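Trainee: There's a structure below that I have some questions on.
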Amino acid sequence: MLEALPIDPPEPPVPSGPDDALDRYARLARQISGAPTALISLPDDVRQLFVGAAGLDGALAQARETPITHSYCRFVVEHETALVVVDARQHHLLRDNPAIADYEAIAYAGFPVRDVDERVVGSLCVIDTEPHAWPPGVLAALADLADACTSELRQRGLSVRARAAAERERRLQQRNELLLRLAIEIDGIGCLHQLAQAVERVVTAELDCERVGLWLVERPRPGSAPTGLRFVTESPDAPTGPTDHLPIDASNPPGLALLENRLVALPGRAELEAQFPGLRPQRLPGEAWTCLPMRHRDGHEGVLALSWSRPRAPGREDQRTLKALASFCSQAVSRSLLLADQQTSLESLLDVIRPQLPRVERLETGAAYRSAGRFEHIGGDWYDLFEVPGGRAGIVVGDVAGHDVGAAALMGRLSTAVRTLASTSDLAPSVVLSALDRTMAEQRRETLATLVYGYLGTPAPDGSRRWTWSNAGHPSPLVLEPGHPARWLEGPLGDLMVGVDPDVARHDSIEELAAGTTLVLMTDGALERRDESFGVGASRLRRLAESLRDEPVQTIADTLVEATRGHTGDDVSVFVVRLVS
């Protein structure tokens, strides 16, 4: 279960108050120098804080700070070098400092203390109440102590960063598991009311919230101006009332979230009353609320709304999780609406299977698909192209066992799961496939699928890119390189297909592809024929692709698919991408 409250901020690597370890350094500095006072001082714009101290008494020992006007250490920070003064009354930087009169700070020797980023943040210093010519040996020892303080702060900083990185990784894993469980739960749902129930069932359990609801934009007809938001009830027959319809304006949290296209968080009732006086959320009762816009490229719009039974302010990591969830729900709503249409027209399902590929800079793409037989025998082949964090292009080609609407719906679930994992987090392809294995096992789905998932890195100045991929029992990619024969990457088969063993080891492969290279990915229907072995089919397809290397990418895809007509009873998908310089 994800935490219901934001992550506590990590302890700062630079102390914000008295510190026992730094007090020990101050005591050593006092013993070495013979001065009455030793400090580790951290100045800011308004004060200097004594995080380590020895020899303070009275009110100063209690306060452990002075105004910045009384600081000598600020000059060590500003100049990033040691400051050694025999008599402050004679020194051009210090002779007018009020610390001379107020604290009898006459002699001073201070050395820089740095943080984990090598910034000078303070000073280890000793102070005397009378002029003091500091011996060179004492100054050298104090410089060593200051370096030891720096090492202490650097180690703390590294530890804090390591813990923060581990926490981010843990939260990222939890976020991915939430999205994968939701993807499994909504498998094949073509009813918005059932979708809303599934979303609430999974999200309330994982985020420990009280209620989760979906609001969808109402339009008199497709393409017309929206008239408001409609709450998706738990069933088509559930009674509705005025509170189930909201205007898209600033009078209510869901309307504001969609109007301004941003997350709206209300940590408690005080914030609700202040921003929306007199509003009573009937559908989502509670003590804290968060609303996020859902927008999909196909035009479907809505709002994901969550409520908690106690005050709650979402932290930064919480907001990332909620935004990923809203993006996922947006896709789920769109897919659910499509599946509802597909109950009467399977042509809509073909539109999902054959997506419109986005334009990617310096890449040419083409794809082709042919079903196994009659129109209603739509199978589980799919391909997809999407953006991966870091400006990379994610590519997946897969094949779910079966040749019916169930296989196609299962394909949609896996396709969404891969896209969600890959496009919202920086995971290696093998990690994405392993996550699919584990989630499918947890859900006890007797599902088998093969796929290749990988990404093309950002282009180098010469147009070359790095191709990183993982193969789950699928035909390997075929590469057509300028001036070289066509070749398979890693041979025709890779690791075990997904859905068999949740603990199977998976591997990543890396290939440097030059500009002008064409990458061909396909399902096994493109290779297999009833009257020949898989190896013979692989050689035949390689030769055919070789003869097409100079053709446009769409021509390559269409020709490879057309060549299977009459020779296979399987679905066929081919995806072709060419690197452009």
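Trainee: Counting each DSSP H run of 4 or more residues in the chain as -39500 (n - 2.57), what helix-only mean residue ellipticity at 222 nm follows after dividing by all residues, to the nearest 500 deg cm²/dmol?
Mentor: So the calculated ellipticity at 222 nm is -11500 deg cm²/dmol.
Trainee: Where does helix 192-207 land angle-wise versus the long Cα axis of the chain, in degrees 0 to 90, nearest 10?
Mentor: It is inclined by approximately 30 degrees.
Trainee: Among [x] 102, 68, 40; [y] 89, 61, 48; [z] 96, 81, 57, find the value of Cα extents along the principal axes in Å that was calculated from the structure presented, and write down its label.
Mentor: Read-out from the structure maps to [x].
Trainee: Not counting ligands, DNA or RNA, and with a 1.4 Å probe, what is Ile32's accessible surface area in Å² rounded to the nearest 10?
Mentor: We get 70 Å² for Ile32.
Trainee: Sum up the charges of everything whose Cβ sits under 13 Å from the Cβ of Glu118, counting Lys and Arg as +1 and Asp and Glu as -1, but leave Glu118 out. Spell out each step's value before the answer.
Mentor: Working: positive: Arg114, Arg119, Arg154; negative: Glu80, Asp115, Asp117, Asp147.
Summing Lys and Arg as +1 and Asp and Glu as -1 gives -1.
Trainee: Please give me, ordered by residue number, the trypsin sites (Lys or Arg not before Pro) of region 42-147 that lie in loop per DSSP and have at most 14 other Cβ atoms within 10 Å. Let's see the in-between values first.
Mentor: Working: sites: Arg47, Arg64, Arg74, Arg89, Arg95, Arg114, Arg119; in loops: Arg64, Arg95, Arg119.
Those satisfying the criteria are Arg95, Arg119.
Trainee: May I pose another question? Mean separation of Cα pairs under 8 Å and 6+ residues apart, divided by the residue count of region 112-254: what relative contact order is that in percent?
Mentor: 14 percent
Trainee: Moving on to the next point. Starting from the residue with the highest accessible area, list Thr559, Thr69 in decreasing order, probe 1.4 Å.
Mentor: Result of the area sort, largest leading: Thr69, Thr559.
Trainee: For helix 553-562, what angle does its Cα long axis make with the longest principal axis of the chain, in degrees from 0 to 90 and rounded to 10?
Mentor: Result, in degrees: 40.
Trainee: For region 191-247 and region 503-581, what is the separation of their C-alpha centers, rounded to whole Å?
Mentor: 43 Å
Trainee: Separate question: Got a number for the accessible area of Phe575? Probe 1.4 Å, square angstrom, nearest 10.
Mentor: The accessible area of Phe575 comes to roughly 0 Å².
Trainee: To continue, here is another question. As I understand it, the value is the acute angle between the Cα axis of helix 20-33 and the longest principal axis of the Cα atoms of the chain; what does it come to in degrees, rounded to 10?
Mentor: Here the helix axis deviates by roughly 40 degrees.
Trainee: Continuing with this model, one more query. Hand me the GluC sites (Glu not before Pro) from region 226-296 located in a DSSP loop with no more than 13 other Cβ atoms within 10 Å, in residue order please.
Mentor: Glu234
Trainee: What spacing in nm lies between the two simple spin-label points modelled at His507 and Glu551, each 7 Å away from Cα in the Cβ direction?
Mentor: Here the modelled spin labels are 3.3 nm apart.
Trainee: Heavy atoms only, probe 1.4 Å: what % of the accessible area of region 410-466 goes to carbon and sulfur, would you let me know?
Mentor: On the way: 930 of 2040 Å².
That share works out to 46 percent.
Trainee: Would you please calculate the Kirkwood hydrodynamic radius of region 425-528 over all C-alpha pairs and express it in Å, rounded to one decimal?
Mentor: 14.7 Å
Trainee: Output the Cα-based Rg and Dmax of region 46-147 in Å, rounding Rg to one decimal and Dmax to a whole number.
Mentor: 13.0, 36
Trainee: So, in nm, how far is label Glu562 from label Ala59 when the simple model puts each one 7 Å beyond its Cα toward the Cβ?
Mentor: A separation of 9.3 nm, rounded to one decimal place.
Trainee: Counting only Cα, what are the radius of gyration and maximum Cα-Cα distance Dmax of region 142-189, in Å?
Mentor: 20.9, 71
Trainee: Now, a different point. Quick check: with the 1.4 Å probe, what order do Asp558, Asp237 take by accessible area, largest first?
Mentor: Asp237, Asp558
Trainee: Next question, about the same structure. Restricting to Cα pairs below 8 Å that are 6+ residues apart, what does the relative contact order work out to for the chain? Please round to a whole percent.
Mentor: Here the relative contact order equals 10 percent.
Trainee: Rank-order 321-333, 97-109, 217-229, 154-166 by packing density, defined as the average count of other C-beta atoms within 10 Å over each peptide's residues, highest first. Please list the in-between numbers first.
Mentor: Numbers: 321-333: 22.5, 97-109: 18.5, 217-229: 11.9, 154-166: 13.5.
Going from most to least packed, we get 321-333, 97-109, 154-166, 217-229.
Trainee: Now a separate question. Quote the accessible area belonging to Arg542 in square angstrom, nearest 10, computed with a 1.4 Å probe and with ligands, DNA and RNA left uncounted.
Mentor: 70 Å²
Trainee: How would region 94-205 be classified by its alpha-carbon gyration tensor: rounded, prolate or oblate, with rounded meaning a/c under 1.5 and the a/b versus b/c comparison settling the rest?
Mentor: In terms of gyration-tensor shape, prolate.
Trainee: How high is the relative contact order of region 171-289, given as a whole-number percent (alpha carbon pairs under 8 Å, six or more residues apart)?
Mentor: 17 percent
The values are calculated or read from the model by the stated rules, or taken from the named source; none is laboratory data. Quick caveat: nothing in here was measured; it's all calculated off a predicted structure. Glycine gets a Cβ as well: all are built from the backbone with ideal geometry, and neighbour counts include every protein chain shown. Side chains included, ligands, DNA and RNA excluded: accessible areas come from the protein's heavy atoms. Shrake-Rupley method; radii C 1.70, N 1.55, O 1.52, S 1.80 Å.
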